[in-house]
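A.B. asks: Sharing a structure, written as structure tokens. Questions coming.
The values are calculated or read from the model by the stated rules, or taken from the named source; none is laboratory data. Here the structure is a predicted model, which is why all the values come from computation and not from measurement. No Cβ is skipped: glycine too gets one built from the backbone with ideal geometry, and neighbour counts run over all protein chains shown.
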Amino acid sequence: MASRFRLQIAMILQIILCMLLITSPAIARDAIRIVDGFVSKVSDGNNVTVVTKNREKLKVRMYGIDAPELDKINRKTKRIIRPGQPFGIEAKSYLSSMVFGQDVRLAIMDIDTQKRMVAVVWVREKDFSKNVNIEMLKAGMAEAYTEYLIDEQYRNVFLEAEKEAREKKIRIWSLGLVYERPSVYRNK
């Protein structure tokens, strides 16, 4: 009887350990590297600059999400070349309110063609427990970037967070049929 009880306890502990390994930002399965730093700049709703403890500046593209585009401005003339999408400014502001000047942990998943770190961003809340990518999806400030959302660890969770926002029809999802995916908008 006692050995059966021990076996049940051992199985429960194994399940708990597996759950922790899957959800812990510090032990992200497919991350190339885990990096800590602070956010020094928010460029738009899915791009930030992080300064590491070694004073290294990393340009970061948030993994698995795509936020509405901002106005494209000619650097010389300062004129708008192409207007941004609805909720582009709001997405940048929302992301800034969560991460600007904050300590973050990056689970770097890849490096893109523009040499940006593609990462899941965790903001410090006790132990880096807040997944910023998911928060952007839940708030309706970004969509799941399904074309690049290949890691099963995050795919289902990201799609579920987007589904919640869609069902509530908040922010980008309030646009209904007028909504245009950022990836489609960029490629026009």
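A.B. asks: Hey, can you tell me all the residues within the range 28-37 that are in a strand (DSSP E or B) and surrounded by fewer than 16 Cβ atoms within 10 Å (Cβ to Cβ)?
C.D. replies: Let us first name the residues in the range 28-37 that are in a strand (DSSP E or B), namely 33-37.
Listed by number, the residues that qualify are Arg33, Asp36.
A.B. asks: Right, here's the next one. With the checklist (1) at pLDDT below 95; (2) within 13 Å of the chain's Cα centre (by Cα) in hand, flag the one item Glu125 doesn't pass.
C.D. replies: (2)
A.B. asks: State all residues of the range 51-72 that are touching a Leu at 6+ places or on another chain (Cβ under 9 Å), buried (at least 17 other Cβ atoms within 10 Å of the Cβ) and free of Cβ contacts under 8 Å to residues at least 60 places away in the same chain; if no residue qualifies, say none.
C.D. replies: Initially, the range 51-72 is screened for residues touching a Leu at 6+ places or on another chain (Cβ under 9 Å), giving 51-52, 58, 60, 62-65, 67.
Applying the additional criterion that residues be buried (at least 17 other Cβ atoms within 10 Å of the Cβ) yields 58, 60, 62-65, 67.
Passing the criteria: only Leu58.
A.B. asks: Within 23 Å of Val184 (Cβ to Cβ), part of a loop (DSSP other than H, G, I, E, B) and touching a residue at least 60 places away in the same chain (Cβ under 8 Å), is that true of Gln114? Steps first, please.
C.D. replies: Details: within 23 Å of Val184 (Cβ to Cβ): yes; part of a loop (DSSP other than H, G, I, E, B): yes; touching a residue at least 60 places away in the same chain (Cβ under 8 Å): no.
So Gln114 fails the test.
A.B. asks: Right, here's the next one. Identify, by number, the condition in (1) touching a residue at least 24 places away in the same chain (Cβ under 8 Å); (2) of a type outside the set (Phe, Trp, Tyr); (3) closer than 17 Å to Tyr148 by Cβ that Glu90 doesn't meet.
C.D. replies: Against the list (1) touching a residue at least 24 places away in the same chain (Cβ under 8 Å); (2) of a type outside the set (Phe, Trp, Tyr); (3) closer than 17 Å to Tyr148 by Cβ, Glu90 comes up short only on (3).
A.B. asks: Any residue that is of a type in the set (S, T, N, Q) and modelled with pLDDT under 95 - is there at least one of those in the range 150-166?
C.D. replies: Just the residues of the range 150-166 that are of a type in the set (S, T, N, Q), to begin with: 153, 156.
Next cut, modelled with pLDDT under 95 only: 153.
Yes, some residue in the range 150-166 is of a type in the set (S, T, N, Q) and modelled with pLDDT under 95.
A.B. asks: Take the residues in the range 80-131 that are among the aromatic types (Phe, Trp, Tyr) and closer than 25 Å to Ile172 by Cα, then tell me which one is surrounded by the most Cβ atoms within 10 Å (Cβ to Cβ).
C.D. replies: It comes out as Trp122.
A.B. asks: Evaluate the range 151-173: report whether one residue or more is surrounded by fewer than 18 Cβ atoms within 10 Å (Cβ to Cβ), among the hydrophobic types (A, V, I, L, M, F, W, C) and without any contact (Cβ under 8 Å) to a residue 12 or more places away in the chain.
C.D. replies: There is no residue in the range 151-173 that is surrounded by fewer than 18 Cβ atoms within 10 Å (Cβ to Cβ), among the hydrophobic types (A, V, I, L, M, F, W, C) and without any contact (Cβ under 8 Å) to a residue 12 or more places away in the chain.
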